[in-house]
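What follows is a set of notes on a single structure, which appears directly below.
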Amino acid sequence: MLKSRAAVAWEAGKPLEIEDVTVAAPKEGEVLVRIVATGVCHTDAYTLSGADPEGIFPAILGHEGGGVVEDVGPGVTSVAVGDHVIPLYTPECGKCKFCLSGKTNLCQAIRATQGKGLMPDGTTRFSVNGKGVFHYMGTSTFSEYTVLPEIALAKINKAAPLEKVCLLGCGVTTGMGAVKNTAKVEPGSTVAIFGLGGIGLSAIIGSVMAKAERIIGIDINPDKFEIARQLGATDVVNPKDHDRPIQEVLVEMTDGGVDYSFECIGNVDVMRSALECCHKGWGESVIIGVAGAGEEIRTRPFQLVTGRVWRGSAFGGVKGRSELPEYVERYLNGAFELDTFITHTMGLNDINRAFDLMHEGKSIRSVILY
Ligand code: NAD
Ligand code: AHE
Ligand code: ZN
Ligand code: ZN
C-alpha cells in the first residue's frame, strides 16, 4: 500500500478533485508505475462529461502517460523496476484471437474488466478513505502511482523524455497511425482532416509522412489554422465561412472529392460530411472521433454503393507493445516533433485548467507534470 496524489472524478460533469489515494500493491501479472507526465486528451473530457456509456464514477481518468516501473507483482517478466514505460489502453497480450488475427490491434484479453473500471481480477487497486475508486481505460494516469497489467505497458528507450513522449500514449500515435495503418494513404493522395486538435494535427503529420500531395485541414476554430499549416496542411477551411454543406465545398475544391478523410472530432454530423466529401468510386473515410451514448451515424447507402468506404480506427491501429517503442525511436531520430503539441504544462493541482483550456479551444495538449 502507498499513498498517491491523484485527480479523482467523483461525479460526471464536476471538476476533478485532488486527493491522497491509497494504491494497493500490484498483484500477479501487474505492475506499479510512477507516472512522470500525462497529456489530457479529449476522451478524458468526454468521459468526465457523462456522455461515455462506459463512464463510471468515482474514477481516476487519464490515459496518455509516461512513467517508470516502481514495483512488479508475481510472475511479471517483461518489465523490471526502473524501466521506462508508456501505459496502453489498448494492451497486447499476443495470445488472444484478436492479437493472433494479424488484422487488428484491438487485443481483447482484458477488455471486459477494463471497461468496468477494474483490474483483470475484477477488483480495484485504488481507494480513498476505504472507498473503492475505479480505474479508467486500464491506465488511470491522473494518479502519480498507478497499477497496470503487464500486457498494458510498452517498454521504451530511457533516453526519451517522458514529459514529451507521453503524447505517444494516445493522441499522436492515434492520428499518425490512422493515416498509416488504417487508411494506408499513398503518395500523391488528397486528404481531408476534420478537427485540428491533437488527433487531427497528428493525422496531418502522418499525411506528410505518407507524401500526400494535398492535405486539407477543417476546423470551426480558425486559431488552429496556423499550426495546421506549420505541420503541413496545404489548405485550411472553416465551415462557418460557407453557407452550404462543407462536403459540397470540398468536392468542388478537389475535382470530385478526396481520396481519404479523417473525422477527429466525435461529431456524428461531421462524420457524415467526412464520408460524403470522399471521391466516388474509391474515397475512404476514417472515424477516429468518439461520439456519445445514443449517437448514430447516417448517410444514404448510395454513398457506399457508389464506392465510398467508411472505416474506424482505435489507437491508430498500432499494437502497443510490439510497435510503440519504434514510434519512440522515430521521435528520438527526429522523424517528427512533439513540442508543437504541448501548448501548456502544469502541475496536477491545476488539472481542471487543462480541461478549461481544451473546451475554450486554447490548447492543443496540456501536459501534467507530477
Ligand atoms: P480536441 O478537442 O483537441 O480537438 C477537436 C477539434 O475539433 C478542435 O480543434 C475543435 O475546434 C474542432 N471542432 C469541434 N467541432 C467541430 C466542427 N463541427 N467542425 C470542425 N471542427 C470542429 O480533441 P482531440 O484530443 O484531438 O480528440 C479528437 C477526437 O478524437 C475526440 O472525439 C476524442 O475522443 C477522439 N479520440 C479517439 C481516439 C481513437 O483511438 N479513436 C484516440 C484519441 C482521441
Ligand atoms: N467507452 C467508450 C469507448 C470510446 C472509444 O472508442 N475509445 C477509443 C480510444 S479513445 C482514446 O482517446 C478506443 O480505443 N476504442 C476501442 C475500445 O475497445 O474501447 C464508448 O463510447 O463506449
Ligand atoms: Zn486519448
Ligand atoms: Zn490479445
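The values are calculated or read from the model by the stated rules, or taken from the named source; none is laboratory data. Model, not experiment: these values are computed from the prediction. Positions of Cβ are generated from backbone atoms using ideal geometry, with glycine treated the same way; all protein chains shown enter the neighbour counts.
Can you tell me which residues in region 341-369 are surrounded by fewer than 21 Cβ atoms within 10 Å (Cβ to Cβ), outside any strand (DSSP E or B) and either aliphatic (A, V, I, L, M) or outside the structural domain of residue 35 (by TED's automatic domain parsing) (or both)?
Result: 348, 357.
Quick check: anything in region 33-40 over 21 Å from residue 358 (Cα atoms) and within 16 Å of ligand 2 (Cβ to nearest atom)?
No: region 33-40 contains no residue that is over 21 Å from residue 358 (Cα atoms) and within 16 Å of ligand 2 (Cβ to nearest atom).
Every residue, every condition in (1) in a loop (DSSP other than H, G, I, E, B); (2) free of Cβ contacts under 8 Å to residues at least 12 places away in the same chain; (3) of a type in the set (D, E, K, R); (4) more than 16 Å from ligand 3 (Cβ to nearest atom), yes or no:
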| residue | (1), (2), (3), (4) |
| --- | --- |
| 282 | yes, no, no, yes |
| 285 | no, no, no, yes |
| 289 | yes, no, no, no |
| 293 | yes, no, no, yes |
| 298 | yes, no, yes, yes |
| 303 | no, no, no, yes |
| 307 | yes, no, no, yes |
| 316 | no, no, no, no |
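Can you pull out the residues in region 306-327 that are within 11 Å of ligand 2 (Cβ to nearest atom) and at positive phi?
315, 316, 317, listed by residue number.
Does region 110-133 include one or more residues that are among the charged types (D, E, K, R) and within 30 Å of residue 215 (Cα to Cα)?
No, there is no match, as no residue in region 110-133 is among the charged types (D, E, K, R) and within 30 Å of residue 215 (Cα to Cα).
Test residue 46 against the criterion of being within 16 Å of ligand 4 (Cβ to nearest atom) and among the hydroxyl-bearing types (Ser, Thr, Tyr), and give yes or no.
no
Output the number of residues of region 343-359 satisfying the condition of being closer than 17 Å to residue 200 by Cα and either of a type outside the set (Val, Ile, Thr) or modelled with pLDDT under 95 (or both). Give the derivation first.
Taking region 343-359 first, the residues closer than 17 Å to residue 200 by Cα are 343, 358-359.
Checking the rest, the ones that are also either of a type outside the set (Val, Ile, Thr) or modelled with pLDDT under 95 (or both) come to 358-359.
Residues flagged as closer than 17 Å to residue 200 by Cα and either of a type outside the set (Val, Ile, Thr) or modelled with pLDDT under 95 (or both) within region 343-359 amount to 2.
Report yes if some residue within region 127-138 is in a loop (DSSP other than H, G, I, E, B), surrounded by fewer than 17 Cβ atoms within 10 Å (Cβ to Cβ) and in the same structural domain as residue 351 (by TED's automatic domain parsing); otherwise report no.
Yes, region 127-138 contains at least one residue that is in a loop (DSSP other than H, G, I, E, B), surrounded by fewer than 17 Cβ atoms within 10 Å (Cβ to Cβ) and in the same structural domain as residue 351 (by TED's automatic domain parsing).
Tally time: how many residues in region 174-210 are closer than 19 Å to residue 326 by Cα and of a type outside the set (Val, Ile, Thr)?
13
As an exercise: evaluate residue 12 against (1) within 16 Å of ligand 1 (Cβ to nearest atom); (2) outside any loop (DSSP other than H, G, I, E, B); (3) over 22 Å from residue 177 (Cβ atoms) and give the number of the one condition it does not meet.
(2)
Can you find a residue that is under 24 Å from residue 275 (Cβ atoms), away from ligand 3 (no atom under 16 Å from the Cβ) and touching a residue at least 24 places away in the same chain (Cβ under 8 Å) anywhere in region 154-165?
No; the residues of region 154-165 include none that is under 24 Å from residue 275 (Cβ atoms), away from ligand 3 (no atom under 16 Å from the Cβ) and touching a residue at least 24 places away in the same chain (Cβ under 8 Å).
Only residues in region 76-92 that are over 12 Å from residue 155 (Cα atoms) count as the first member; pair them with residues that are of a type in the set (Val, Ile, Thr) and part of a loop (DSSP other than H, G, I, E, B), Cβ under 9 angstrom, at least 6 apart or cross-chain, and list the lot.
Pairs found: 89/139; 90/318; 91/110.
For region 313-340, which positions are surrounded by fewer than 16 Cβ atoms within 10 Å (Cβ to Cβ) and either within 19 Å of residue 85 (Cβ to Cβ) or of a type outside the set (Asp, Glu) (or both)?
Scanning region 313-340 gives 322, 326, 329, 330, 332, 333, 334, 335, 340.
Among (1) more than 19 Å from the chain's Cα centre (by Cα); (2) touching a residue at least 12 places away in the same chain (Cβ under 8 Å), where does residue 255 come up short?
(2)
Does region 115-125 contain any residue that is polar (S, T, N, Q) and either outside the structural domain of residue 362 (by TED's automatic domain parsing) or not in a loop (DSSP other than H, G, I, E, B) (or both)? Spell out the reasoning first.
Residues of region 115-125 that are polar (S, T, N, Q), as a first pass: 123-124.
After this cut, where a residue has to be either outside the structural domain of residue 362 (by TED's automatic domain parsing) or not in a loop (DSSP other than H, G, I, E, B) (or both) as well, the list is none.
Within region 115-125, not a single residue is polar (S, T, N, Q) and either outside the structural domain of residue 362 (by TED's automatic domain parsing) or not in a loop (DSSP other than H, G, I, E, B) (or both).
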